[in-house]
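K.L.:
Following this message is one structure expressed as structure tokens.
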Amino acid sequence: MTAARLKTTGRYRVPAPAQATEIAINNLKAVSRVLDRDQGCAVPVRPQGAATSSTDCNRSASGTVALMSGLDRITDINSQSLTVTAQAGVRLYALSEALAEHGLELIGNHEMTGRTLGGAIAAPCLGPSIGNRHGSLASSVRSVQMITGGGKSLTIGAQQKNLLGAVRSSYGMLGIITEATLNVQPQTTFNATHRKLTIEKFCAIADTLSMSDVGFRFALLPHRDRVYLDLRRYLSDPGQSGQTYRMPWKIKDWGESTVLPHVCLSLNRLLPIQSVRYRVIDSVSQATQGIVNSRFVRTGNNGTMQGRTASSIKRVLYSTWCFPATDFSFVIAAYRDFCKANYERTGYRCDIPATGYRICRDASSVLSPSFDEPMIALQTMSTQLDGWENHVIDLADFAEHWAGVPIFSQTRSLRAEYARQVYANRLSHFCKLRRQMDPENRLLTPFMAQYFQ
Ligand SMILES: Cc1cc2nc3c(=O)[nH]c(=O)nc-3n(C[C@H](O)[C@H](O)[C@H](O)COP(=O)(O)OP(=O)(O)OC[C@H]3O[C@@H](n4cnc5c(N)ncnc54)[C@H](O)[C@@H]3O)c2cc1C
């Protein structure tokens, strides 16, 4: 008797796949209820912000997923103390808009502003650092309010430096953050200039750039031997504001995060011959990078870069690895060779340009990917699902070879053993704290247990 036939006899039932219950969080009591063992909420519990992570850190196949984006009140903006206090579900673009009305901005160049404040604190929120002061958004967090996995309500401030360092980039493993107070700064204008280079030429200047305090971001087309480089410098000291226009950044974002993925998706359907398809896709990418970057975007501030809202990136697949800035000229040449060789061997290649940016050394959080030294974050992106999973396994092999540092929320196919090797004592310290703050493992899913048990 076939399996299909057995199913219909009624003697054998295939169980329905397990599913987590989603609970929309709109107030603080709801968070307490989710984590109160006497309320009988199914475990494990996973907090979820805007769900823009590329790994299963924000979801679960069973238990409860706490949807945090309803907790979206900005409680206080203080122009005297240069701080903002907001609930964890507030989107970064909403925070930036509210701050701009007071002439203020978040510290650091953070794109993907559709993410929530809680997600941006609990998972590394990185962007091109100008200078050497600010790595992730979490480094500007002064205090947080949270409910621990054990159900305790806590306020953690600067006095508890070690605990605050663990809560930053804690991936929702210590508890659910409900509110945070961040340092902000007066809006400050930076100057953006653009270059188009071959990969060889980019390699030649990568070390100098990586070691300087210029902020940079690049788009890399390995199959066209092209790098589009965007260099950012403050016009003057932070606090000095020049004229900046929001529209060019909006157009840039629209080109990169909406038009390009949609064009790729359509061309993948319309052009069945791979070589023709990729030729057209690469030409569209080059045109987008060339026109949008060089003609329009000349100055900006952290508020004008409100790019990549969560809704427009749902169909983009990505995996991010960070590499030591000191070796980056070698890594980027090796990455180009890896992409070409892998395409020849497997027939798979990414259709969207990879992007990268320098992040400065940032030891403010225990699990910071740039804890020891400045790093370059390299984000591989595609809309091509077929073959993607094998591609990210090969990419992980490549990254391990080049001393890549993974990010638990953004790095696909990460081997637990490699993560333990890279994060070493910091990870052991974090896991010890996790066991204290969540003694019954209420926040621990099988995916997270690989790394954090
Ligand atoms: C196309 C694309 C481009 C991207 N580019 C960048 C980039 O340039 N730089 C960058 O840094 N990131 C980038 N990201 C990644 C992503 O935006 C970040 O990882 C983001 O910080 C996650 O925020 P979120 O609100 O989506 O959180 P989620 O993805 O929902 O959650 C992230 C983690 O935080 C935990 N969490 C969420 N809310 C809370 C809370 N209230 N309390 C405790 N834990 C919580 C979750 O459990 C999970 O472990 C990109 C993503 C995409 C799709």
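Coordinate-derived values only; no laboratory data. Fair warning: this is a prediction, and the values are worked out from it, not measured in the lab. Don't worry about glycine lacking a Cβ; one is built from the backbone with ideal geometry, like all the others, and counts go over all protein chains shown.
K.L.:
Can you pull the Kirkwood radius for the chain, inverse mean 1/r over Cα pairs, to one decimal in Å?
P.N.:
Working: mean 1/r = 0.0439 Å⁻¹.
The answer is 22.8 Å.
K.L.:
For the stretch 18-67, what is the largest minus smallest coordinate of the Cα atoms on each principal axis, given in angstrom and ordered from greatest to least?
P.N.:
Principal extents (Cα only, largest first): 32, 24, 12 Å.
K.L.:
Ok, one more. At 0.36 nm per residue, and after removing the present C-alpha to C-alpha distance, how many nm does the segment from Lys196 to Ile273 gain when stretched out fully? Can you show the working numbers first?
P.N.:
Values: separation 77, 0.36 × 77 = 27.72 nm, distance 2.86 nm.
Length gained, Lys196 through Ile273: 24.9 nm.
K.L.:
Among 260-269, 321-330, how do they line up from the highest to the lowest mean number of other beta-carbon atoms within 10 Å?
P.N.:
321-330, 260-269
K.L.:
So if we plug the beta-carbon distance of Arg415 and Gln436 into 1/(1 + (r/R0)^6) with R0 = 30 Å, what FRET efficiency do we get, rounded to 0.05? Kindly include the intermediate steps, with their values, before the conclusion.
P.N.:
Working: r = 27 Å, r/R0 = 0.89.
Efficiency computed from Cβ-Cβ geometry: 0.65.
K.L.:
Residues with amide H under 5 Å of Gly63's amide H, sequence separation 5 or more or different chain, H placed in the peptide plane at 1.01 Å from N; which?
P.N.:
Long-range HN contacts for Gly63: Thr21.
K.L.:
So how do 124-137, 216-229 stack up, highest first, on mean other-Cβ count within 10 Å?
P.N.:
Details: 124-137: 23.1, 216-229: 21.4.
Packing order, densest peptide first, comes out as 124-137, 216-229.
K.L.:
Further, regarding this structure: Once amide H atoms are placed 1.01 Å from N in the peptide plane, what residues at a sequence separation of 5 or more from Arg142, or on another chain, have their amide H within under 5 Å of its amide H?
P.N.:
Under 5 Å from the amide H of Arg142: Thr181, Leu182, Asn183.
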